[in-house]
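Below you'll find the structure, written out as C-alpha cells, and then a few comments.
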Amino acid sequence: MATIELAGISLDLWEGGTGRPLLFLHGAGGFRADHPFLGLLGEHRRITAPSHPGFGASSLPDWIDRPEDIAHVYLNLLDRLGPEPIDLIACSLGGWIGAELTSMVPEKFGKLIFVAPVGVKLGSRDTLDIPDIFALPAATIEKLLYHQPERFRADPSKLTDQELTIMLRNRETTALLTWEPYMHNPKLRHRLRRVTNPALFLRGEHDGLIAADYMDGYAKLLPNARTMTLPDAGHVPQVEQPEAFVKAAIAFLNGEA
Amino acid sequence: MKAWHFSETAYHLLPPAETYESIRVSLPNRHYDPRIGADLYHRYLDEWLLAEDEGLDIMLNEHHQTATCVDPAAPLMLAVLARQSHKARLLILGNPIANRRQPIRVAEEMAMIDVLSRGRLEAGFVRGVPYEISPANSNPMRMNEREFEALDMIVKAWTNHDGPVSFEGRFFHARQINIWPRPYQTPHPPIWISTTSPAGAARVGTRGYVQATFLTGFDGTKQIFDSYRRAWREAGRGDSVPEDRLAYAALVYTGETEAEAHAGAEKLLWYVTSNKVPPHFASPPGYVPVEAGVKMLRGAEHPLSAFAKAASVEAAIKAGIMMAGTPDQVVKQIRAVYDHVGGFGHLLNMGQAGFLEHDETVKGIRMFAREVFPRLQEFRA
C-alpha cells in the first residue's frame, strides 16, 4: 500500500496484478488487500485501488461530504493514470462513486462493472430503496450483507487497534457520505444517460440491501448495461464467491460474455 | 447557588419493556393516549409553577420520538411558562442546534420567549444525545462543528440591530438576517451549553458560556469542570471561574424521613432504569471520536451510560447522580459532590420522573425548597 498526495488529500493507493489497467472502487466496508478475489483478478488485470477519503488511512478534508465529492477527487486520479481508457469495477458505495465519476468523464473509461451499487432512488418516496443500515441491529445487518454471515463475523478482540480504528473510520465516513438523501443523489439518475460504455450490473442472489428490481432499474439508466446475478452470495459477491466473481468479471471485461 | 426544577415530562404508562425494542426512536405512538398526555402536560406545567412559588427556577429540555421526554418542541412549552410564570428564570437546555435546520428560526423563538418573559430566558444549546440522530434524520458526523457554527449564527442574529447582515458558514447560510423581535436582554440571553465530555467542556470554557453536565457523577463531573476551568484560564478569562458558570444536574428527592425520601427516589430512578435503547440507536457512527469508539469495542463504557449502572437509590447516591434523604442528608450529599468537583453555582434538580405522582412531586419540591435550598447558599468552594 502506497500513500499518494492527490488534490490535497493523503490517499492510500494499492496497486497489484498484471495486464490491462483496471480501477477498483471499494464499498462501505473499506479496502482490504488480503481479499482472495484481488489475487485472482490480478492474474488478468493491473489493478489500481484507492482507499476513498475517510476510509483506511486516507485523509478526509472537511469539504467532502458526498460521494460526488470523491468522484471529483478521482478525476485527478484518472489524470494521473494516463490517457488510455480504463476499465472499472465499483462495489456498493464505491459503485455510487463510480457512477458519479463515469457520468462526468465516460470517455475516460472502457468497460464498467457495478457490483450491487447504491446511488439512485428508483422507488416510491414512501419506501426506502435501501434498508436503513443505521437503524438496524448488527445481527440483522450481517444477514443482509452475506449469504453465510457466520463465515465473515469479525471478533473485535482479535483485531488490532489500528484495524478497529479503520473499521470505525470506514463506518463514520459511510454515514457522512450516505446520510441524506439516504444512499442516493437525486440528480445522478439524470446524469447517467451519457454513460454509453458497456456496463455490467452484478449482484449476489441473497443481497438484502440491493434488491433485484433496484439493480435492474439502475442498469436501465445506462443505455448499454446488462445485469447478472451470482448464486450463493449476498451484498459482497467478490468476497463471498471470489472465483465465480472473477470469472464473470473477466468474461465481461474480455468481451467473451 | 441557584436550583432549578426540571422534569422531562415523561409518558410513563408503557407496556412491559420486554415487549418493545427501544423506549426511544421506534416505540410506536399508539402507546401514547393523548387524553392522558394532556393531563400530564397540565400537571407538569403546574409543578413548574409551584416550584417557582417556592423560590426555584425553571428548567426544561427537548427530546424527540421518545416516551422519556414528550417535549419535542421545548420552545412551545417554554412559551407557556413565559406567560404563566412571573419571576423564575426560564432555562431551556436545550435547543438541539446540531439537528435544527434553521438557526435563525431558533434565534427568533428564543427572542420571542425572552421578550414574552420580560428578560427571564436562559438560552441553552445542546449537541443532542445519540438517539436524536434518527428522529432528526441528522448526520451524526460533524455535529460539534454544526452546533458551534449554528450558535455563532444565532448570536449574530441576536446582537445585530442595524438592518440585515449575512452569514455564510460551512453548514448554514442566510443573506438577510434581521430578526424581529430582538431579545429583551442585552446583549443577549445568557448562553448555556451541556456536554458530558472534557473535550466538549473545553470548547465551552474557551467561550465562557455556562457549562452544564448531566448525571456524570463524582469523577466524571470533576473532569468536565476541570477541563472547563483550564480552557477558561487559557482563553485569558481570569484565574478564577465564577461558580455561576457551572451547573450540575442530578435526581433529587427530599423527604421528611429517609424512608419517605427513598420511596420517592425509587420512583425517580425510572429515568435511569427505563432507558432501554439498542446499540444502533445509542452508538451511531461518528457520535464519539474514533479513539473512544475503539476503547468501547475493547469493553470501555459508553460515555453516556455510566449512570445506567446506578440502578438502585443507594448506588445512585454513591455515584453522585442522586441526592435523596432527609434535608440534612440531601445537604450533605450535595456538599460531597460540590466539594469533589470544585464547586458549582447551579443545581439542576430532576425532581419529577416516571411514576412520581403529583402530590409526591410537590412534596419533594417543597421539602427541597424550604429545608435544603437555603442551606446551599452557604456553600463556598
Item to check | Checking residue B:343 against (1) outside any loop (DSSP other than H, G, I, E, B); (2) at pLDDT 95 or above; (3) farther than 21 Å from residue B:10 by Cβ, the condition it does not meet | outcome: (1)
Item to check | Scan of the stretch B:251-300 for residues that are part of a helix (DSSP H, G or I) and charged (D, E, K, R), ordered by number | outcome: B:258, B:260, B:266, B:267, B:291, B:295
Checklist entry - Within the stretch A:166-181, which residues are surrounded by fewer than 18 Cβ atoms within 10 Å (Cβ to Cβ) and either within 8 Å of chain B (Cβ to nearest Cβ) or in contact with an Asp or Glu (Cβ under 7 Å, 6 or more places away or on another chain) (or both)? => result A:180
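Is it the case that the stretch B:348-359 has a residue that's out of contact with any helix residue (DSSP H, G or I) (no Cβ under 9 Å at 6 or more places or on another chain) and not charged (D, E, K, R)? Steps first, please.
If we filter the stretch B:348-359 for residues that are out of contact with any helix residue (DSSP H, G or I) (no Cβ under 9 Å at 6 or more places or on another chain), which is where we start, we get B:348, B:359.
Adding the requirement that they be not charged (D, E, K, R) leaves B:348.
Scanning the stretch B:348-359 turns up at least one residue that is out of contact with any helix residue (DSSP H, G or I) (no Cβ under 9 Å at 6 or more places or on another chain) and not charged (D, E, K, R).
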Item to check | Residue that is nearest to the chain's Cα centre (by Cα), among those in the stretch A:93-125 that are within 11 Å of residue A:201 (Cβ to Cβ) and assigned to a helix (DSSP H, G or I) | outcome: A:95
Checklist outcome for this item: Of the residues in the stretch A:153-167, those that are among the acidic types (Asp, Glu) and part of a helix (DSSP H, G or I) come to A:161, A:163
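Condition check ((1) acidic (Asp, Glu); (2) loosely packed, with under 15 Cβ neighbours inside 10 Å; (3) at pLDDT 95 or above; (4) more than 16 Å from the chain's Cα centre (by Cα)) across all residues:
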position: B:7; (1), (2), (3), (4): no, no, yes, no
position: B:34; (1), (2), (3), (4): no, yes, yes, yes
position: B:42; (1), (2), (3), (4): no, yes, yes, yes
position: B:46; (1), (2), (3), (4): yes, yes, yes, yes
position: B:55; (1), (2), (3), (4): no, yes, yes, yes
Checklist entry - Of B:190, B:198, which residue is in contact with an Asp or Glu (Cβ under 6 Å, 6 or more places away or on another chain) and either crowded, with 22+ Cβ neighbours inside 10 Å or in contact (Cβ under 8 Å) with a residue 12 or more places away in the chain (or both)? => result B:190
Checklist entry - Does the stretch A:140-152 include one or more residues that are within 18 Å of residue B:286 (Cβ to Cβ), within 14 Å of another protein chain (Cβ to nearest Cβ) and either in contact with a helix residue (DSSP H, G or I) (Cβ under 9 Å, 6 or more places away or on another chain) or in a helix (DSSP H, G or I) (or both)? => result yes
Checklist entry - So which residues in the stretch A:218-254 are in contact with a Ser or Thr (Cβ under 6 Å, 6 or more places away or on another chain) and among the charged types (D, E, K, R), if there are any at all? => result none
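Mind listing whichever residues of the stretch A:150-165 are surrounded by 15 or more Cβ atoms within 10 Å (Cβ to Cβ) and touching a residue at least 40 places away in the same chain (Cβ under 8 Å)? Steps first, answer last, please.
Restricting attention to the stretch A:150-165, the residues satisfying the condition of being surrounded by 15 or more Cβ atoms within 10 Å (Cβ to Cβ) are A:152, A:159, A:164-165.
Listed by number, the list holds a single entry, A:152.
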Item to check | Residues of the stretch B:211-250 that turn out to be part of a helix (DSSP H, G or I), within 18 Å of residue B:193 (Cβ to Cβ) and among the hydrophobic types (A, V, I, L, M, F, W, C), as a count | outcome: 4
Checklist entry - Which residue pairs have Cβ atoms under 6 Å apart, sit 6 or more places apart or on different chains, and have a first residue in the stretch B:96-124 that is closer than 15 Å to residue B:190 by Cα and a second that is among the acidic types (Asp, Glu) and in a helix (DSSP H, G or I)? => result B:121/B:114
Next on the checklist: Of everything in the stretch B:71-89, what is buried (at least 19 other Cβ atoms within 10 Å of the Cβ) and more than 12 Å from the chain's Cα centre (by Cα)? Give them in sequence order.
Outcome noted: B:71, B:75, B:77, B:78, B:81, B:82, B:85, B:88, B:89
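Among the listed residues A:66, A:20, A:45, identify the single one that is within 14 Å of another protein chain (Cβ to nearest Cβ) and closer than 23 Å to residue A:195 by Cα. Explain how you work it out, then say what you get.
Working: A:20 fails: within 14 Å of another protein chain (Cβ to nearest Cβ); A:45 fails: within 14 Å of another protein chain (Cβ to nearest Cβ).
Just one listed residue meets the conditions, A:66.
In the stretch A:47-105, which residues are of a type in the set (Val, Ile, Thr) and either at pLDDT below 95 or surrounded by fewer than 24 Cβ atoms within 10 Å (Cβ to Cβ) (or both)? Steps first, please.
To start, the set of residues in the stretch A:47-105 that are of a type in the set (Val, Ile, Thr) comprises A:47-48, A:64, A:70, A:73, A:86, A:89, A:97, A:102, A:105.
Of everything in the stretch A:47-105, those that are of a type in the set (Val, Ile, Thr) and either at pLDDT below 95 or surrounded by fewer than 24 Cβ atoms within 10 Å (Cβ to Cβ) (or both) turn out to be A:47, A:48, A:64, A:73, A:86, A:105.
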Checklist entry - Checking residue B:130 against (1) surrounded by fewer than 20 Cβ atoms within 10 Å (Cβ to Cβ); (2) under 29 Å from residue B:32 (Cβ atoms); (3) in contact (Cβ under 8 Å) with a residue 60 or more places away in the chain, which test does it fail? => result (1)
Next on the checklist: Would you confirm, using the coordinates I've provided, whether residue A:188 is of a type in the set (A, V, I, L, M, F, W, C), more than 17 Å from the chain's Cα centre (by Cα) and crowded, with 19+ Cβ neighbours inside 10 Å?
Outcome noted: no
Item to check | Contacts under 6 angstrom Cβ, first residue in the stretch A:217-244 being among the aromatic types (Phe, Trp, Tyr), partner outside any strand (DSSP E or B), 6 or more apart | outcome: A:218/A:120
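The values are calculated or read from the model by the stated rules, or taken from the named source; none is laboratory data. On a predicted model such as this, the values are computed, not experimentally measured, just so you know. Note that each Cβ is placed from the backbone with ideal geometry, even for glycine, and that neighbours are counted across all protein chains shown.
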